[in-house]
Amino acid sequence: MEEVAATEAEAAGMEESKKGKRARALFDKYGLPGLAIIGPFFVGSHISAFMGMSFGSTRKRVTGWMLTSLFLWTVVMAVASSYGITYFMPHVEEDGFLIRLFSN
């Protein structure tokens, strides 16, 4: 697989970038689901989607896995933000962070 990717990159006159190599390693090890879910952390979601398409996955599968990844990352970041706010501002639990922010 790497030889094919390297040959295609040479044929196009381009050298594979560092992010492209990371994306390829994620795709080879975990497949499209791994690239879609783990990829945004290492190479970015737009590059993960592009690389998923360039590695031969269909648009429908890439879109489905990227939407799943977006939902998962949104839930993780929302929970982390909620716990982060209550950790650094423990007094906001009684009436809420946004209520206190807009009442001042």
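Of L32, L101, the order by accessible heavy-atom surface (1.4 Å probe, DNA, RNA and ligands excluded), from most exposed downward, is L101, L32. When the residues S69, S17 are ordered by accessible surface, computed with a 1.4 Å probe over the protein chains alone, the sequence from largest down reads S17, S69.
Accessible surface for F27 stands near 40 Å², nearest 10, in the context of the full protein assembly shown (1.4 Å probe).
Using only the Cα atoms of segment 30-73, build the gyration tensor, take square roots of its eigenvalues as a ≥ b ≥ c, and label the shape rounded, prolate or oblate: rounded if a/c is under 1.5, else prolate if a/b is larger than b/c, else oblate. Mind showing how you got there, number by number?
Numbers: a/c = 1.66, a/b = 1.23, b/c = 1.35.
Cα axes put segment 30-73 in the oblate bin.
The values are calculated or read from the model by the stated rules, or taken from the named source; none is laboratory data. What you are looking at is a predicted structure, and each value in this text was computed from that prediction instead of being measured. Calculation scope for accessible area: heavy atoms of the full protein, side chains included, ligands and nucleic acids excluded. Shrake-Rupley method; radii C 1.70, N 1.55, O 1.52, S 1.80 Å.
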